[in-house]
Amino acid sequence: DQKLQQLHLANLGTAYYRIGDLSKAIHYHEEALTLAQHNQDPSGESIALANLGLCYRGLGKTLEAIDNYEAALPILRELNLRDAVATVLMNLGTAYSALGRIQQAVTVLEEANAMYLETGNQNNRAMALVCLGEVQGHLGKTQGATHYASEGLALARTMANPFVEAAALCILGELERDSQNWEAAIARNQEAIQKADFISNAEIRSIARTR
């Protein structure tokens with residue numbers, strides 16, 4: 001059964017992504033994509049494209065990630081899968097930001113935030129707010145950056161989401177440092193390190209220690 005084979009391929013791609021073997025993940029997601037297109041399955045096609053975006057982003061191939069996210073979006077919009085649209089928009093926003101396309105990042109992140117508000121996905125909305133805080137900071141809009149990051153932090157605390165809390169604290173620490181509020185910057189970063197230690201996230205721990 002081709003639909004079942006398509007599902008197996010997608011699951012294999014996701015499994016390899018989770019263990020960090022991105023090359024194999026891409027291989028299986030590409031096979032799932034080909035089969036979904038052959039089966040005229042737009043839902044499977046959009047999922048494969050979004051997953052490929054994640055894999056390419058993980059490899060640092062940001063342009064390829066953007067191509068896949070942008071290809072997934074119109075399909076997801078047509079299917080009216082608003083939560084999935086919001087997630088792809090958020091991922092697209094971080095990819096745009098990585099390439100310095102900040103205004104594009106702001107646009108898609110604002111749309112993602114609004115969609116998460118509609119769908120009630122508070123955990124992902126907290127992350128979208130934190131991402132908005134980061135891109136506002138890139139634009140030099142300290143007040144807006146602080147507003148979004150603080151709102152994301154408050155929501156993450158409500159949802160008991162230490163990963164998003166740590167990300168928000170890193171951004172707020174950097175904003176405090178840039179404003180030469182040294183004691184506040186130290187406090188934010190120390191709390192971020194504590195959260196990172198709690199979830200064993202070495203990347204956030206490293207970021208917090210250098211800010």
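Here are the numbers for the structure shown:
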item	result
Top-ranked residue of region 88-107 - restricted to ones that are open to solvent by 20 Å² or more (accessible area, probe 1.4 Å) and in contact with a Phe, Trp or Tyr (Cβ under 7 Å, 6 or more places away or on another chain), ranked as farthest from Ile75 (Cα to Cα)	Gln104
Residue list for region 98-112, restricted to those being part of a helix (DSSP H, G or I) and farther than 18 Å from Ala71 by Cα	Ala98, Ile102, Gln103, Val106, Glu110
Scan of region 1-33 for residues that are touching a Leu at 6+ places or on another chain (Cβ under 9 Å) and among the β-branched types (Val, Ile, Thr), ordered by number	Ile26
Among (1) open to solvent by 50 Å² or more (accessible area, probe 1.4 Å); (2) over 16 Å from Ala167 (Cα atoms); (3) within 15 Å of the chain's Cα centre (by Cα), the one test that Glu134 misses	(2)
Test: residue in region 112-125 that is open to solvent by 30 Å² or more (accessible area, probe 1.4 Å), without any contact (Cβ under 8 Å) to a residue 12 or more places away in the chain and not hydrophobic (A, V, I, L, M, F, W, C)	yes
Single unsatisfied condition, Gly140 versus (1) farther than 25 Å from Gly100 by Cβ; (2) assigned to a loop (DSSP other than H, G, I, E, B); (3) not aliphatic (A, V, I, L, M)	(1)
Wholly enclosed helices (runs of 4 or more DSSP H) of region 1-97 bearing at least 2 residues of a type in the set (Gly, Ala, Ser) and under 21 Å from Ala112 (Cβ atoms)	42-58, 62-79
Enumeration of residues in region 42-65 that are touching a residue at least 12 places away in the same chain (Cβ under 8 Å) and farther than 20 Å from Ala32 by Cβ	Thr62, Leu63
Unique match (being in contact with a Lys or Arg (Cβ under 6 Å, 6 or more places away or on another chain) and within 30 Å of Ala154 (Cα to Cα)) among Met115, Met90, Met127	Met115
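The values are calculated or read from the model by the stated rules, or taken from the named source; none is laboratory data. Just so we're clear, the structure is a prediction, and the values are computed from it rather than from any experiment. FYI the Cβ positions are ideal-geometry reconstructions off the backbone, even for glycines, and counts take in every protein chain you see. These accessible areas exclude ligands, DNA and RNA; they are computed on the full protein's heavy atoms, side chains included. Shrake-Rupley method; radii C 1.70, N 1.55, O 1.52, S 1.80 Å.
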